[in-house]
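Everything on this sheet refers to the single structure shown next.
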Amino acid sequence: MRWQRIGASLFIVGSLLAVGTGCSSIDKNASSAQTVEAKNWVKQQMKTKQNSISEWEKEASRPKSAPADQAIAQLAVNILSKNVASLIEENGNNKPALLASVMKKEQQPKSTDLPSLASLVLKEKSQLDGGKTMYRLEGSVFTSVPDKLYPVTITVRVNNQGEIEYFEIDK
């Protein structure tokens, strides 16, 4: 009789362990599915980002474009190619330093750090006095969270020689 109780106890403990293991493996599969979804999301957004970079590079290379338009196109390529979140963190509210970091020409591969800017489009172009032009670019920032995009607005003022005089990023 005593052996039967010990056997029954071991059976119950073993069953509980098996059930606990089964539950944890279900959780692992769920998180694995979430990981696959996140990877697919990031891959899709990186493709969008690359398409946006290609469009802005075409715009920057047009020989008949105004110097201000070429400057904006080059700025867009640089912003899309770099991890702007870390540049903002490094430079804080120092807008001239942030602009210098963004415009710095570096031979580096395209950034894959997150959060990252997925796209950037020209929303508004306004002629100002003295041949200056104000541009408003809008884009979306993505993270590894699927279907979650965060808006960003970039305001830039360029003089008629194509020099950026004002630069601001609003999150």
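Residues LYS148, LYS49 in ascending order of nearby Cβ atoms (within 10 Å, fewest first): LYS148, LYS49. Cross-link check: pairs LYS82/LYS105; LYS125/LYS171; LYS49/LYS148 evaluated at a Cα-Cα cut-off of 18 Å; pairs beyond the cut-off: LYS125/LYS171.
Taking amide H as placed 1.01 Å from N in the peptide plane, TYR166 has its amide H under 5 Å from the amide H of ARG157, each at least 5 places away in sequence or on another chain.
Tally Lys and Arg at +1 and Asp and Glu at -1 over the other residues with C-beta under 13 Å from the C-beta of ARG62: what net charge comes out?
-2
Net charge around TYR150, counting only other residues with Cβ within less than 13 Å of its Cβ (Lys, Arg = +1; Asp, Glu = -1)?
My count for the surroundings of TYR150 gives -1.
Read-outs: derived from the displayed coordinates by stated rules, not from any lab. None of these values were measured; they are calculated from a predicted model. Here the Cβ is made from the backbone with ideal geometry for all residues, glycine too, and neighbour counts use every protein chain on show.
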